[in-house]
Amino acid sequence: MLSDNENNQNKPKSHLKPLPDGSYEISKSEGKVFYYVAAAFGFALATLYMLKGGYRIIGNIFLVSFAVVSAIALKLVLFKKTILTINDKFLVITSIIGSSEQVLWEDVTGFKEVRDKRNHYIAVMVKDPENILELQQNKLTYKIMRHNIKLYGTPFLIQTDTLNAHRKEIMQLLKKFHEEYLEQGVL
């Protein structure tokens with residue numbers, strides 16, 4: 001029979017720690033951001049190689065790729081440490097591009113896991129995605145949300161691959177808060 005100490009050693013360490021007010025903040029994983037920085041460095045080396053070899057068109061494509069990946073990597077490293085905030089009234093989703101979006105629990109109908117190529121997402125299903133889309137003022141965020149609605153039926157996706165908690169932990173936490181909200185009898 002396993003003792004409590006041995007049983008706790010087999011469990012994966014959770015990165016989800018509640019704040020004093022009972023809410024949770026989930027930040028990005030600095031280790032996973034390293035891959036974006038490495039990709040930017042790889043594009044820089046490929047650009048130099050292609051331009052020195054006389055491959056101007058391909059070199060320029062790599063140069064643009066380097067600029068885009070560098071901008072994303074720089075933004076990930078310097079800004080927006082907290083990606084997801086969950087409390088008893090709402091959740092706040094911060095994307096790489098655009099601003100933070102606050103989603104009230106009264107608008108949430110559920111969650112589903114989505115896998116797109118190598119990325120894992122949690123789709124936050126809402127009552128009226130078109131109404132949320134109409135309120136969006138940032139044109140780039142509007143286009144991304146429109147694309148998400150066409151593909152997944154919701155404007156809100158949380159990319160879990162770059163967070164410092166496992167997607168199953170995040171999904172359990174979101175479902176727990178949503179169930180607690182529904183139990184309050186507000187809906």
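FYI, it's all coordinate maths here, none of it is from the lab. The model shown is predicted, which means the values in this text are computed figures rather than measured ones. Counting neighbours? That spans all protein chains shown, and the Cβs are built from the backbone with ideal geometry, glycine included.
Overview of results
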{"read-out": "Highest average packing first - 105-118, 147-160, 37-50, Cβ atoms within 10 Å", "value": "147-160, 37-50, 105-118"}
{"read-out": "All aspartates and glutamates inside 15 Å of Lys75 as judged from Cα atoms, apart from same-chain residues fewer than 8 positions distant", "value": "Glu30"}
{"read-out": "For the chain, the spread of Cα positions along each principal axis, largest first, Å", "value": "67, 53, 28"}
{"read-out": "Cut-off under 5 Å, modelled amide H: who pairs with Thr160 long-range", "value": "His120, Tyr121, Ile122"}
{"read-out": "The chain: DSSP helices with Cα axial extent of at least 30 Å and average Kyte-Doolittle hydropathy no lower than -0.5", "value": "30-52, 56-78"}
{"read-out": "Relative contact order, percent, the chain [alpha-carbon distance under 8 Å, six or more residues apart]", "value": "21"}
{"read-out": "Listed pairs Lys117/Lys150; Lys81/Lys117; Lys112/Lys168; Lys28/Lys168 exceeding 20 Å between Cα atoms", "value": "Lys81/Lys117"}
